[in-house]
1. Before we move on, is Ala106 hydrophobic (A, V, I, L, M, F, W, C), touching a helix residue (DSSP H, G or I) at 6+ places or on another chain (Cβ under 7 Å), open to solvent by less than 70 Å² (accessible area, probe 1.4 Å) and modelled with pLDDT of 90 or more?
2. Checking Gly126 against (1) open to solvent by 30 Å² or more (accessible area, probe 1.4 Å); (2) more than 25 Å from the chain's Cα centre (by Cα), only one condition comes out false. Which one?
3. Look through Gly168, Gly158 and report the one residue that is among the small types (Gly, Ala, Ser), in contact with a helix residue (DSSP H, G or I) (Cβ under 7 Å, 6 or more places away or on another chain) and farther than 19 Å from Pro51 by Cβ.
4. Could you tell me which of the residues Leu163, Leu150 is farther than 30 Å from Pro55 by Cα and surrounded by 15 or more Cβ atoms within 10 Å (Cβ to Cβ)?
5. Inspect all residues belonging to segment 129-137 and state whether any of them is in a helix (DSSP H, G or I), acidic (Asp, Glu) and within 18 Å of Thr84 (Cα to Cα).
6. Can you pull out the residues in segment 129-142 that are open to solvent by less than 90 Å² (accessible area, probe 1.4 Å) and out of contact with any helix residue (DSSP H, G or I) (no Cβ under 8 Å at 6 or more places or on another chain)?
7. Report, ordered by the first and then the second residue, all pairs with beta carbons closer than 9 Å, sequence separation of six or more or different chains, a first member in segment 86-101 that is more than 12 Å from Ala165 (Cβ to Cβ) and assigned to a loop (DSSP other than H, G, I, E, B), and a second member that is modelled with pLDDT under 80 and open to solvent by 40 Å² or more (accessible area, probe 1.4 Å).
8. If Pro7 passes every condition in (1) in contact with a Lys or Arg (Cβ under 8 Å, 6 or more places away or on another chain); (2) at pLDDT 80 or above but one, which one does it miss?
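The values are calculated or read from the model by the stated rules, or taken from the named source; none is laboratory data. In this text, all values refer to a predicted model and were calculated from it rather than measured experimentally. Glycine also receives a Cβ, built like all others from the backbone with ideal geometry; neighbour counts cover every protein chain displayed. What goes into the accessible areas is simple: the full protein's heavy atoms, side chains included, and nothing from ligands, DNA or RNA. Shrake-Rupley method; radii C 1.70, N 1.55, O 1.52, S 1.80 Å.
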Amino acid sequence: APSTATPEIAEACGSRRVRYRVTAHQPPAAESIAGSTAASVFEAARAALLPEGYPGSVRPEYLRFQVYDTIQAACSYLRAILSTGAILKASGVGEAAASPMAAAVAWVLRDGFGMCGSLLFASLVGVGFDENVKEWRLFADLINDVGLTLNMLAPMAGERFFLVAALGSTCTSICGMVAGATRASITAHFALS
């Protein structure tokens, strides 16, 4: 009968003898490592991006909505980068003759007008956000487009730069407030339980 004992190797190490147990070990194939890594990355992304219990916890149209919503958000984000660059350039950032303090004050005032405008808007129409949720969400996207466009056009407004930039900031602030207010209702619509 073959021996089932684990073979040992003895080796002299200075004045000591060291014994090693030799076991048969085969490294996993490269394909299985890549496959398990890809599967774990996919599962991590799924856990982070999809609701718990997906697909059984949401309506069938959820994934389609989420894909389009993500694409729209990415496009808005890219447009916001372009409009911020235009506003900064028009404020004098990067020019040797421009005052950094003047650019900072203009930026703070522009954002301040945006916040005040969105608060005023919310106080006038905020009660109706739970009604006509789809229309308000569409309004948020449209007002965001208007705001980003105004921000990109502000550098061409000459003396009216600050006014156009403040209106653009107000529009994008209103978008953030309306989109946030309608998000809970839209998310609840997709939940099955």
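1. It is false that Ala106 is hydrophobic (A, V, I, L, M, F, W, C), touching a helix residue (DSSP H, G or I) at 6+ places or on another chain (Cβ under 7 Å), open to solvent by less than 70 Å² (accessible area, probe 1.4 Å) and modelled with pLDDT of 90 or more.
2. Status for Gly126: all satisfied but (1).
3. Gly168
4. Working: Leu163 fails: surrounded by 15 or more Cβ atoms within 10 Å (Cβ to Cβ).
Matching residue, one of Leu163, Leu150: Leu150.
5. So far as segment 129-137 goes, no, none of its residues is in a helix (DSSP H, G or I), acidic (Asp, Glu) and within 18 Å of Thr84 (Cα to Cα).
6. Those that are open to solvent by less than 90 Å² (accessible area, probe 1.4 Å) and out of contact with any helix residue (DSSP H, G or I) (no Cβ under 8 Å at 6 or more places or on another chain): none in segment 129-142.
7. That search, which allows pairs on different chains as well, returns Gly92/Ser99; Gly92/Pro100; Gly92/Ala102; Val93/Pro100.
8. Looking at each condition in turn, Pro7 falls short on (2).
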